[in-house]
Structures are given as C-alpha cells and as structure tokens.
1. For K67, are the conditions met, namely being out of contact with any strand residue (DSSP E or B) (no Cβ under 7 Å at 6 or more places or on another chain), under 22 Å from P348 (Cβ atoms) and basic (K, R)?
2. From the list A406, A431, pick out the single residue that is of a type in the set (G, A, S), within 23 Å of W69 (Cβ to Cβ) and open to solvent by 20 Å² or more (accessible area, probe 1.4 Å).
3. Scan region 389-403 and tell me whether some residue there is of a type in the set (D, E, K, R), surrounded by 19 or more Cβ atoms within 10 Å (Cβ to Cβ) and farther than 21 Å from R323 by Cβ.
4. Considering only residues that are of a type outside the set (A, V, I, L, M) and more than 22 Å from E446 (Cβ to Cβ), which ones fall in region 522-551?
5. Of the residues K682, K635, only one is modelled with pLDDT under 85, open to solvent by less than 70 Å² (accessible area, probe 1.4 Å), in a loop (DSSP other than H, G, I, E, B) and not acidic (D, E); which?
6. Name, by its number, the condition in (1) modelled with pLDDT of 85 or more; (2) closer than 27 Å to V153 by Cβ; (3) among the hydrophobic types (A, V, I, L, M, F, W, C) that does not hold for V13.
7. Taking into account only those residues within region 643-667 that are touching a residue at least 24 places away in the same chain (Cβ under 8 Å) and assigned to a strand (DSSP E or B), which is nearest to P510 (Cα to Cα)?
8. Can you name the condition, by its number, that D338 falls short on among (1) modelled with pLDDT of 95 or more; (2) farther than 16 Å from H498 by Cα?
Amino acid sequence: MKERVGMLMGESVEGMPWLGTFHSIGAKMLRRHAELLGLKSNFTIIDTDDQLRLLKQLIEAANLDEKRWPARGLAGLIDKWKNKGLTPDQVDAGESALYADGKGQAMYTVYQARLRELNACDFGDLLLHNLTLLKSHRDVLEEYQNKFKYILVDEYQDTNAVQYLWLRLLAQKRKNIACVGDDDQSIYSWRGAEVANILRFEKDFPGAKIIRLEQNYRSTPHILAAASGLIAANSGRLGKTLWTDLDSGEKVRVLGVWDGPEEARRIGEEIEALQYKRVSLNDVAILVRAQFQTREFEDRFIQIGLHYKIVGGFRFYERAEIRDAIAYLRVINQPADDLAFERIVNTPKRGIGDKAVEKIHRVARAERTPLSVAAAHIVGTDELTGKARKSLSDLVIDIARWRDLAGRDSAATLSPSALTELVLEDSGYTAMLQAERSVEAAGRLENLKELVRAMEEYETLGDFLEHVSLVMDNDAGTQDEAVTIMTIHAAKGLEFNHVFCAGWEDGVFPSQRAMDEGGLTSVEEERRLAYVAITRAREKCTITHAANRRIYGQWTSSIPSRFIDELPAEHIEVEQTMTGGASLWRANWSERADPFAHLAAANATRAGQRGPGWQRAATSGGFNPAPSRVQEASKPAIGLGAKGRSDLAIGMRVFHEKFGYGLIEDIEGNKLEIEFEQAGRKRVMDSFVTVG
C-alpha cells in the first residue's frame with residue numbers, strides 16, 4: 001500500500017509515516033506524547049503472556065481465587081472495555097460486576113496503574129491512551145487535525161468503538177475522510193467491531209457522498225443473487241445491488257444428507273469427481289462455522305488419500321487442547337511415553353514446577369525407568385515436599401486408576417470415549433477451561449467434545465491412538481495441491497472456484513450460542529457470515545446440511561438452517577441424498593419437501609441396506625424418525641412460504657420429547673419459537689411437538 005501511494009504522490013515510502021494499522025499509527029503518536037500520559041517515550045508494549053503474568057500477580061495480591069476468577073477472563077474484560085474506549089473511571093457497576101462479584105473496575109484501575117509504573121502499555125492502550133490524549137489536550141488535537149488533511153480508512157465495517165471515536169476527533173475539523181467498507185461483511189463483533197460505525201457514517205459526517213461499488217468481478221450471477229437474497233433479511237444494512245458481466249453459471253446447490261459422516265463422505269466424493277475433470281485442489285475450499293467441524297473432513301480425507309490443508313488455524317489433532325488430552329491417553333496406554341508425561345505432569349497447573357520435574361528426571365535416570373514410574377517412586381520419599389508432593393501423588397494414583405479402567409480384562413472397563421471424558425474431568429482440564437469464561441476457552445471445550453465423539457468409533461484406546469499417529473504423519477503441507485479447509489471467518493477476503501459450505505443447520509449455523517445469547521443482533525451477524533461464505537465462490541457453491549448430528553454424544557435430529565429458508569428460489573437447486581451418495585430425492589425449489597420425508601422412504605424401502613450413519617443412530621438410542629414425524633412428508637420444511645400446522649397458535653402450550661413443556665412465542669411457517677419451561681427458548685419444527 002505504501003508503494004502504491006508513493007507512486008501516486010511521487011513520494012518515497014520512507015516519507016509516509018502515517019500509513020499503517022490503527023495500532024501502528026497509535027503507537028507512533030503515543031511515543032511522541034507519552035509524557036502527557038505519565039509514560040516515557042521508550043515504553044514497552046507487552047504481549048499476551050506478559051499481560052496474563054501481571055494480572056495473575058495482581059489477582060494474588062488482591063486475595064482473589066485465580067481458579068475461580070482466572071487472569072484470562074479479566075484480560076478479556078479489560079480488552080473489551082478498552083475496545084469500547086472506557087477508562088477505569090468510566091466502567092459502571094454493571095460491567096464491574098462481571099468479574100469477582102463487582103471487583104472488575106478496581107482490578108482494571110490497579111492494572112493500569114501498574115502498567116504506568118512499569119512504563120508499559122498493552123495492545124489496547126495504543127488507542128485508548130491516544131483517545132484520552134486527544135480529549136484532554138486541545139493543542140495536540142489541533143496539531144493532528146491540521147496535519148491530517150485527508151484520512152482514508154479501509155475495512156471500516158470492522159472498526160470498534162475506540163477506533164471510531166479516535167477517527168471522529170481527528171476528522172472533525174476538515175471532514176476530509178473517506179471510508180471503504182461493506183456493512184454486509186461485518187463479522188467480528190466478538191473482537192469489538194461495531195457495524196453501527198459504518199451504518200451511521202452519513203449522520204456523523206453530514207453531506208458525505210456515498211459511492212456504492214456494486215459490480216462484482218468474482219462470482220456468477222446465480223451466486224450473487226443467492227447471497228443478495230439472503231442478506232436482504234437483515235434490517236441493519238445500507239443496501240446495495242450486486243451485479244456482474246459474467247455468464248449466469250450454475251445455481252447454488254443445497255445438499256441434504258443423512259448425518260455428519262455422510263456429509264464428509266459426499267463432499268469427498270464430489271472433490272474427487274472435480275479432480276477427474278482436471279480441477280486443481282487449490283481451487284476447492286470447504287468452509288465451516290466452527291473449528292471442531294474440520295475433524296470429520298480430516299479423518300475422511302486421510303482415509304481416501306485426499307490432500308488437504310487447514311488455513312487460519314491448526315489441524316484438529318494439532319490444537320493444544322487436543323494434544324494435551326491425547327498426551328494423557330498416551331501415558332495411560334504406554335507408561336514409557338516420557339514426552340507425553342512431561343506434557344501433562346503440570347497441565348493444568350497443579351504446583352509441580354521445574355525443580356520437581358528435574359528431580360523426577362534424576363530418579364528416572366538413576367533407576368533407568370520411565371518418568372511415570374519414577375514419579376510413583378519419588379512420592380514415597382522425601383525428595384518432594386508440600387504441594388508438589390501431594391499433587392504428584394494424586395496424579396500417579398489417577399493414572400493408575402485410569403489405566404485399570406482402560407484395560408480390556410476389567411469388568412469396569414470404559415470405552416475410549418467414556419475414559420477420555422473421565423480423564424478430562426478428573427484431571428481438572430475441563431474445569432480449567434470452564435473457569436476462563438472466554439470465547440477461546442469455549443471453542444477449546446467444543447473441540448474436546450468433538451474429540452470424545454470421534455473416539456466412539458474405536459473399540460480400544462490403542463486403536464484410536466494409532467489412527468491419530470497416521471493422521472499426524474500426513475504432511476499435507478508438502479503437497480503442491482490441496483483442498484483448503486477453513487472457518488468462514490478465516491476465509492474473508494479469499495476466493496475459490498468451488499466452495500462447499502458445510503453444516504448449515506440451526507444450532508451449528510447460526511450457532512446455538514448466537515441464537516441463545518445474542519438475540520436478533522447476533523443472528524444478523526451470523527447471516528452476514530453466511531453472505532461472506534457464499535460470495536467466496538467464483539463458479540460453484542454447494543451448501544450442505546445433515547438431518548442428524550452427534551452433539552455432546554447424543555444423536556440429535558437437526559433442521560436446516562434458517563438461512564437456507566431465506567435463499568431465493570430461482571437461484572437454488574435442492575438435492576437430498578442418503579448414505580453412499582444414492583440420490584433418493586431431487587427437486588426444484590418449488591417442489592421442496594420435508595427433510596425427513598426421504599428418511600421415511602429409506603426406512604420403508606431400504607431395510608437391511610442402511611448405512612453406518614443409520615446403524616450408529618439406532619444402536620446408540622439416538623434419533624429415530626417416529627411415525628408422527630415422517631407421516632407429514634407433504635408439508636414443506638425448507639423455503640419461504642412453508643406451511644405449518646393449523647392446530648397450533650401463539651400462546652399455546654405444547655410438549656417436545658427433548659425439551660419438555662413450553663409456550664409457543666412465534667410461528668414462522670412450520671417452524672416454532674418456543675419458550676420451554678426448563679430448556680429456555682428454542683426453534684423447532686412443528687412436527688416435533690404435540691399439544692399439551
């Protein structure tokens with residue numbers, strides 16, 4: 001960008017210090033005026049590790065229980081407050097109550113004071129301090145207002161509150177500000193971005209000229225029309241009409257499958273078919289809502305030898321929490337696995353420090369035994385004292401108990417998945433992540449639940465660990481061509497000829513957390529995320545949804561995402577399949593059918609030919625389409641204008657097999673919004689309830 005601006009202006013790159021990210025420009029401004037904020041110009045910008053270490057010290061000094069009120073949770077709150085432009089004195093009682101029963105504001109105050117003593121800033125301070133500087137020193141504000149004759153901001157829809165306030169101050173005098181952005185692609189509220197910044201631009205700067213960049217050079221008309229029809233359901237948007245000169249291309253395909261494993265199999269088959277047509281794997285992407293969804297694709301692609309790469313994150317079995325869990329299992333399976341023992345001996349933190357580990361190593365070398373055996377020996381001596389000895393003794397006892405439960409000959413033998421759940425619980429690993437109370441920790445917990453689910457297909461712990469070794473040995477990064485698997489967030493700004501959007505069911509996408517906690521605002525952001533997913537495709541976009549998902553160890557019937565309902569009929573082609581890719585039902589959008597209709601047909605006509613998905617569901621006591629559900633196959637379940645039952649009305653009390661009794665709050669076609677007495681508000685299909 002500097003080079004391009006330099007070419008336009010005839011200046012050298014070195015002569016443009018005010019071109020960069022918000023934070024890099026903020027750091028330059030802050031170093032020039034550090035003394036006005038109680039800092040020196042050579043202040044240190046601390047990283048996340050240093051921030052957490054400092055917060056832990058302050059939490060301990062305040063006599064708070066760090067396990068109950070972890071430093072990572074406080075760091076997340078402070079970051080949120082700084083993104084909003086709030087100094088400690090501006091944090092109200094409601095926000096303060098989010099940490100340590102009302103001590104959040106006090107801890108924020110102490111933290112900022114300690115940073116000044118250390119002549120340090122964290123990342124959030126680079127903008128918050130500048131906002132304070134411009135508000136409290138009029139001469140400095142006027143200096144920069146005169147210096148910055150023109151201000152250009154890219155990706156304006158991703159700005160947060162403090163960035164918005166900072167920009168507004170700088171641009172107040174000259175009002176020569178140009179912002180480039182797409183309100184329909186604002187998908188980062190979880191890190192502070194506020195779509196309202198771009199929506200109110202005309203109010204903030206009266207007389208501003210709006211230039212809509214509506215010509216699209218990437219996608220076909222069908223893809224653009226499908227995405228535009230979907231995003232039109234959002235109320236908070238400026239609005240635009242995308243168009244392209246490209247040929248119409250193929251319609252967006254909506255593909256319904258039996259379950260998650262079949263989704264991975266079917267997409268794998270379609271990618272292999274593309275390979276046969278000489279399509280490069282580099283032109284193919286699979287986009288998922290959450291990282292845990294990648295696991296089934298990874299396992300399937302390893303099985304069929306299809307090269308892939310994970311972009312924007314680690315491969316499933318490379319993630320830290322998965323490696324930690326597998327390390328516990330390796331120690332249980334193989335006592336001589338010293339590398340795994342070193343990883344778990346103090347994970348989570350249990351007071352076994354480096355000195356204690358050195359003593360275990362010394363005993364192991366002297367006795368020529370594995371570390372886990374040496375640990376069992378050392379707890380019976382006076383080599384260790386205090387907390388380290390007690391914690392190591394507890395770990396040794398736990399490992400021995402887990403090993404007994406993993407044995408084949410024991411009457412109390414647990415399955416690999418049940419054993420893993422027990423290990424994560426007993427070791428304190430699950431509690432550690434729950435205590436963090438952060439979005440990242442919630443994602444790690446989801447990944448661990450997916451790990452447990454993956455293990456249900458294996459009879460022994462050894463079989464599963466062997467499978468993991470084979471997966472990890474697959475070095476997809478060395479291949480010239482590979483399918484890209486990534487989250488939709490990571491895909492923003494990228495494009496591929498062929499895109500598969502997987503897992504479009506309510507609860508997965510939009511996510512259950514968004515529906516339960518964020519209300520309409522969060523659902524609209526999820527819809528913007530869906531818009532981003534579809535518009536990553538140049539030539540062909542396929543959306544998949546499964547009738548069944550394994551969630552938290554239980555087979556659950558799923559309904560297609562509400563976003564599928566909102567896709568315009570004339571730009572969509574719908575297909576339903578069963579295991580093995582056999583097409584049981586195919587129709588134009590005007591012939592939409594109940595997602596369970598094809599399951600009923602399969603149940604009636606393919607006895608003895610059901611695939612693994614059906615067998616797992618049946619034997620696990622999970623989803624089994626009851627007659628009351630499948631007899632209404634003529635009722636459309638996907639699409640606009642879907643007709644619902646005439647015997648239901650808002651305010652009526654109904655019963656659902658899973659969620660119990662509740663009151664109907666809203667009816668949309670054949671979908672119901674129900675406030676359940678025990679489970680809270682849920683969105684379900686009307687064929688799943690009875691009047692009670």
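The values are calculated or read from the model by the stated rules, or taken from the named source; none is laboratory data. Every value quoted in this text rests on a predicted model; they were computed, and no experiment measured them. Don't worry about glycine lacking a Cβ; one is built from the backbone with ideal geometry, like all the others, and counts go over all protein chains shown. Remember, those area values only see protein heavy atoms, side chains included, never the ligands or the DNA or RNA. Shrake-Rupley method; radii C 1.70, N 1.55, O 1.52, S 1.80 Å.
1. yes
2. Of the residues listed, the single one that is of a type in the set (G, A, S), within 23 Å of W69 (Cβ to Cβ) and open to solvent by 20 Å² or more (accessible area, probe 1.4 Å) is A431.
3. yes
4. Within region 522-551, E524, Y531, T535, R536, R538, E539, K540, C541, T542 meet the criteria.
5. K635
6. For V13, the failing item is (1).
7. H656
8. (1)
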